[in-house]
Structures are given as structure tokens and as C-alpha cells.
1. Checking residue 294 against (1) at pLDDT 90 or above; (2) of a type in the set (Lys, Arg); (3) more than 24 Å from the chain's Cα centre (by Cα), which test does it fail?
2. For region 52-72, how many residues are farther than 12 Å from residue 323 by Cα and in contact with a Pro (Cβ under 9 Å, 6 or more places away or on another chain)?
3. Which of the strands (runs of 3 or more DSSP E) contained wholly in region 111-210 include at least 2 residues that are surrounded by fewer than 20 Cβ atoms within 10 Å (Cβ to Cβ) and out of contact with any Leu (no Cβ under 9 Å at 6 or more places or on another chain)?
4. Examine region 230-241 for a residue that is buried (at least 17 other Cβ atoms within 10 Å of the Cβ), within 30 Å of residue 313 (Cα to Cα) and modelled with pLDDT of 90 or more, and state whether such a residue exists.
5. Tell me the residue from 226, 220 that is among the small types (Gly, Ala, Ser), over 22 Å from the mean Cα position of the chain (by Cα) and assigned to a strand (DSSP E or B), please.
6. Out of all the residues in region 234-257, which are assigned to a strand (DSSP E or B) and out of contact with any Ser or Thr (no Cβ under 6 Å at 6 or more places or on another chain)?
7. Give 225, 265, 191, 255 a once-over and let me know the one that is touching a residue at least 40 places away in the same chain (Cβ under 8 Å) and of a type in the set (Gly, Ala, Ser).
8. Suppose we filter region 69-114 for residues that are within 30 Å of residue 125 (Cα to Cα) and in contact (Cβ under 8 Å) with a residue 40 or more places away in the chain; how many remain?
Amino acid sequence: MFRKSVSLGLLLLCASIQAQVEPAINESTQVIHSDNIDITLTPSAFYLFGKTEYNFELTVPTVDTNGQPVSLTIRSLLEFPLDVFMLGGSFGLVSPENAPKFWSVEGSFFTNLNDPGKVMKDSDWLRVPGYFNGMISYTESDAKMDLILINAEATREMFSIGNFDVGILAGFRYQKIKQNIIGYEGWSIDSNLMFQTQSGTDPAIVYKVTYQGPQLGALSRFSLSSRLRVDIKTAASLTFVNDLDDHLLRKFQTSSDGQGLGIISYLSARWFLNQMPGGRQTYLDFVGSYDYYKADLTSTQYQYADGGPYEMPVGTRTGGLPHDISSHQFRLGLRLGFLFQ
């Protein structure tokens, strides 16, 4: 597991909103005030759910039983679950509450606490025009997962209209996910187009993927009353992706790299519970976010051992293979915070 010290993430400086910034999800926050700057330290927890889809599709020319040329298309779709609890924290420097325009710099680090509760799904299709077009195998497997997420962000207010403030944000995000896929249960179609059940308990796949890249976007803050405030962030990210897919049962590895785009969004509704002596406030945050990444990658496949009669000869290396990745990541949480002015 990537059970690394949270202090690694807290070394990053980032940006956030006023002395009441909203760093992450399910957080308990303290803000220490000085004359010119506020410091935020934010232990955080949230629930992440969604999935990553690994989609491989390749069309190759071949001949049928009569020697006539046909196109054969094979497709493989791997769906990796992402439903886990996350724990981490943030460190930030923010403008004081009485500053004419808010600004912030903040860094955060998160890692998962458990393994996904859902199964990993592996399905394959075959299409030969005029002969066959459909799914030829489907299996489900258990998944163990390690995840780290590091985010650095800076924000700056641009203008305000009454209780509505608008600013810009820029930052960098790094996310690494490793999944160990264990066992399988499902079915496949044999050469006679008959269904055959299949199952096993051995380790099946090790999958590693890394997303990283800069982000640029906007944020808005709307004070509905003296006790209720809504914060919204939206950013686009140029995302660089690399992954490694090790099919342990079939004895080959596929390594890939490429780039794509990401959309990062965040919503927080903050309810100030009370005003306490010394300028301290307590508040409750209802928070959620949605991140989406999609990238096209170029792969190289290497047969490192004998995987059976249907695999390539040992030592075969095939490059230029295409596949794409898409990842949907939702986060929901509740944050109880303390603000010191």
C-alpha cells in the first residue's frame, strides 16, 4: 500500500480562498491568524467512488476459410473500481479576512484507507463482418488498491459584485493508482461458439496508472447570508498519463504513455454554526467534487514468459498498439471546521 506519511503532501504550498478556504473533502480545519497572512492546516477525509476504464481496440486484416480477405476487430475493456475512503491533509497560506482581494496558496496529500468494495470487470469482443460480432468473454475479479493524490493550487480574486466574488486558480495535480486484481469468475465462448464457465483464485492482473499535469480555471464564492456561503471551483487540466498492465495469467505486460484532458470541479456549502470569543468560528461544510480524465495512449506489449498456446512467443515485443483511458471520480463528504481570526 502507498501508506506514506501525510507530511509528504503537507510540504507543498498552495492557494485557496480567504481565511475560510475549502481545501478538500470531509475536513476539520484550524486557521491561525497573523497581521498579514493566515495559515491553514487541514486534516481531511472523504469518500471516493467511480471507475477507470481501459479500452483496447485493434483491427487487423486476415483471410476467411475461403481465402477471402476480411477485417478482424478485437476489443478488450477493463473496468477498475475506485470506491474507497481517503485520508490526508492540506497546508495553506491565505490572505487575512480584511484583505481587499482574497488569495491563497495550498498543498494537499491524500491516500486511501481500504480496498474497493466493487469488482473489477474484464470483457472481450470479436467482430468479423459476415461471420461473428459479439462478446466472447466476461469475468469479474476482486481488487486491492493503493492510491495517492497530491494537489498544489494557487488562487487570486479578480473582481466582486456585492456578495459574489470571482477569482482564477492555477495548480498542478499528481495521482497514482495501483490495483492488484485477484481471481476471476465468468464465462467465455470457445471455437465452436459454445459458452464455457471459467474461474480461478490466482492473482490475475497488476495495473498501475499515473495522471499528472497543470490545471487552470476559475472559482466563485457567494455569501447567501452571514452564516451560509457557497464556493465553486472549475478547472481544465492538460493531463499526461502512463500506465502498466501486467497480465499475470497470460504472461505479458503492456506499457503505455500519452496525454489527454481533464475536468476538475468542486462545490462546497459552508454553514457557520456560531461566533466564539477571540474571533474563532465553527462551521460545517457539505462538499462534493467530480473529476474526469480521458487520454489516448500508445502501447508496447511484451511477452515475458510462456502464457499458453494462444499467446505470442516468449520475447515478442509489439509496439504502436492503441488504447484509451477514461476515469470518472466522484468525492463526497462532510467537514467540521474551526476558524481563528
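The values are calculated or read from the model by the stated rules, or taken from the named source; none is laboratory data. No experiment lies behind these values; they were computed from the predicted model shown. Using ideal geometry, Cβ is built from the backbone for each residue, glycine included, and neighbour counts are taken over all protein chains shown.
1. It is condition (3) that residue 294 fails.
2. Number of matching residues: 8.
3. Per the criteria, 132-161, 164-189.
4. Within region 230-241, one or more residues are buried (at least 17 other Cβ atoms within 10 Å of the Cβ), within 30 Å of residue 313 (Cα to Cα) and modelled with pLDDT of 90 or more.
5. Testing whether each residue is among the small types (Gly, Ala, Ser), over 22 Å from the mean Cα position of the chain (by Cα) and assigned to a strand (DSSP E or B) leaves just 220.
6. Within region 234-257, 235, 236, 237, 238, 239, 240, 241, 246, 247, 252, 253, 257 meet the criteria.
7. Working: 225 fails: touching a residue at least 40 places away in the same chain (Cβ under 8 Å); 265 fails: touching a residue at least 40 places away in the same chain (Cβ under 8 Å); 191 fails: touching a residue at least 40 places away in the same chain (Cβ under 8 Å).
Exactly one residue qualifies, and that residue is 255.
8. First, pick out the residues of region 69-114 that are within 30 Å of residue 125 (Cα to Cα): 69-84.
Restricting the remaining residues to those that are in contact (Cβ under 8 Å) with a residue 40 or more places away in the chain gives 70-82, 84.
Number of matching residues: 14.
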